[in-house]
1. Select from the range 438-449 the residues that are in a helix (DSSP H, G or I) and crowded, with 16+ Cβ neighbours inside 10 Å and write down the one among them that is farthest from the ligand (Cβ to nearest atom).
2. How about the range 138-188: which of its residues are within 11 Å of the chain's Cα centre (by Cα) and of a type in the set (F, W, Y)?
3. Considering each residue of the range 1-19, count those that are modelled with pLDDT of 95 or more and surrounded by fewer than 20 Cβ atoms within 10 Å (Cβ to Cβ), and give that number.
4. Give T172, T106 a once-over and let me know the one that is within 14 Å of the ligand (Cβ to nearest atom), among the hydroxyl-bearing types (S, T, Y) and at pLDDT 95 or above.
5. Does at least one position in the range 459-470 carry a residue that is surrounded by fewer than 15 Cβ atoms within 10 Å (Cβ to Cβ), under 19 Å from T150 (Cα atoms) and either under 24 Å from the mean Cα position of the chain (by Cα) or within 16 Å of the ligand (Cβ to nearest atom) (or both)?
6. Here are the criteria: (1) more than 16 Å from the ligand (Cβ to nearest atom); (2) open to solvent by 40 Å² or more (accessible area, probe 1.4 Å); (3) in contact (Cβ under 8 Å) with a residue 40 or more places away in the chain; (4) under 21 Å from the mean Cα position of the chain (by Cα). Tell me which single one W114 does not satisfy.
7. Within the set of pairs 6+ apart or on separate chains, which have a first residue in the range 193-205 that is within 15 Å of G144 (Cα to Cα), a second that is among the charged types (D, E, K, R) and assigned to a loop (DSSP other than H, G, I, E, B), and C-beta atoms under 9 Å apart?
8. Conditions: (1) away from the ligand (no atom under 16 Å from the Cβ); (2) open to solvent by 10 Å² or more (accessible area, probe 1.4 Å); (3) touching a strand residue (DSSP E or B) at 6+ places or on another chain (Cβ under 7 Å). L473 meets all but one. Number of the miss?
Amino acid sequence: MSADDSRRHYIDGDWTTGTGDETFTSENPATGEALASFHRGTEDDVDRALAAAEDAYDEWRSLSYIDRAEYLWDIYHELRDRHEELGEIVTMECGKEISEGLADVTEAWHMVEWAAGNARHPHGDVVPSEIASKDAYMRRKPKGVVGCITPWNFPVAIPFWHLAVTLVEGNTVVWKPAEQTPWCAHIIAEMFEDSGIPDGVFNLVQGYGDAGNAIVEDDRVETVLFTGSAEVGHQIASKVGGEPGKIAACEMGGKNAVVITEEADLDIAVHSAVMSSFKTTGQRCVSSERLIVHEDVYDEFKERFVDVAEDIAVGDPLAEDTFMGPLIESDQVEKFNRYNDLAREEGANVLVDRADLGAEEIPDGHEDSAAEAADSERSGSFENGHWVGPFVYEIDYDEDLRCINEEVFGPHVALLEYSGDFDRALEMHNSVDYGLAGAIISEDYRQINQFRDEAEIGLAYGNLPCIGAEVHLPFGGVKKSGNGLPSGREVIEAVTERTAWTLNNSKDIEMAQGLSADI
Ligand code: UN1
């Protein structure tokens, strides 16, 4: 692949190679094969994109909600029409198994549907004034130019979490997607182009952290939406935090847990724990790496969970019977192995160790797809894939153990036994610095309600896995997991300002709080 063949940035309504001469390649994590090559964005490219977004802003914000939403409805239909093709591309580029690739696209159109649908249900509160002759209400206004930085693990859904509401509300956008999934980003930009959205309203700069940083540091950007690692999110938040009026809404990782009490239905417990820990090969920010289990049910739960983990189907992500695809890249495999070693050093009793799963163990169950045939030569070999299987251990609980406090982002799962009442489970659950997602498995409504009220997390589930949030609910964390909501319905708070509007309908002036209006 030469630089000329590489796919371009989309800036001000044009496809451009940008000012840099470097390119980078998107790879299939299951095979290591190159999928496509892309131009790597520079600070100058970001500068141009921001200038375009700034120029486009006045006209875009002056359109009605309904008119702005029309462009998003076009994209909604395209996402639905191209569901299978896009789902396969998601799977090929980020390695998650095909039902997850398809669900990623479904989640994207759900978000677009919600954002564009709300154009016919404008937000804002009408508030009764304490004075009969006054009308009071709250209006929303767009912020201006919004910078979006998105991760690889939901390469279609999460961009739409950021983009859909932001654009419908009248902001313009410069977007830097993850360097691991530029192909999905490219297709999204093509959809925006096809929708006929005015030039400069939506801009895509492909590339790495330096391009993302240029967005974060630029004064023209009022709001940064970031979803990704805690490390990068905290850097962004501290950079932006010093500037009055500018905000960074960051949604980051977790060290999430499923709590299984002595009152649990163990079928639900095993099912929920397996889904929470192993879907997406443990690479959701909401994935669970801790299972906190009451002593009364511990042995039975352990036996059943271990049985499933021993057999869970790791393999070709395009094959329908696969449960877990590969990890995203070799650095992630190294990190996973490092944390497995650390757990051993910290005293783990290892129950399942399929970490070294070799490529020869990966069944090749997939028929070549249309998308693959069109876009890449399938090597048919999994030798260069980033394969791992589950690593499950039990360890005596100590709140300072690093292996149960630090996020691994892989199928690395600790079983932690507790005794006594539910307060102890909650104490263990809340002892980590993160606070994104968690679940309780119990038939006791008092325990369930206590978990809902006292678990220090933004997304709490009862008798369910702690993954699989719906887009029209708020999505975000507390503590080290988030400082805002760049996701789900609440993104509107980050990308709009509110004006409290009060209008006098009388010829007299009457003040609130009984303040004298005599002059
Ligand atoms: C993520 O974990 O990185 O709640 C996003 C879920 C999905 C989104 C996950 N709707 O599992």
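1. Here the answer is Q447.
2. W152, F154, F160, W161
3. Qualifying residue count, the range 1-19: 8.
4. Of T172, T106, the one residue that is within 14 Å of the ligand (Cβ to nearest atom), among the hydroxyl-bearing types (S, T, Y) and at pLDDT 95 or above is T106.
5. yes
6. Unmet condition: (1).
7. G200/D12; N203/D12
8. All conditions pass for L473, except number (1).
The values are calculated or read from the model by the stated rules, or taken from the named source; none is laboratory data. Just so it is clear, the structure is predicted and the values come from calculations on it, not from any experiment. Neighbour counts are summed over all protein chains in view; Cβ atoms, including those assigned to glycine, are modelled from backbone coordinates with ideal geometry. SASA here: full protein model, heavy atoms, side chains in, ligands and nucleic acids out. Shrake-Rupley method; radii C 1.70, N 1.55, O 1.52, S 1.80 Å.
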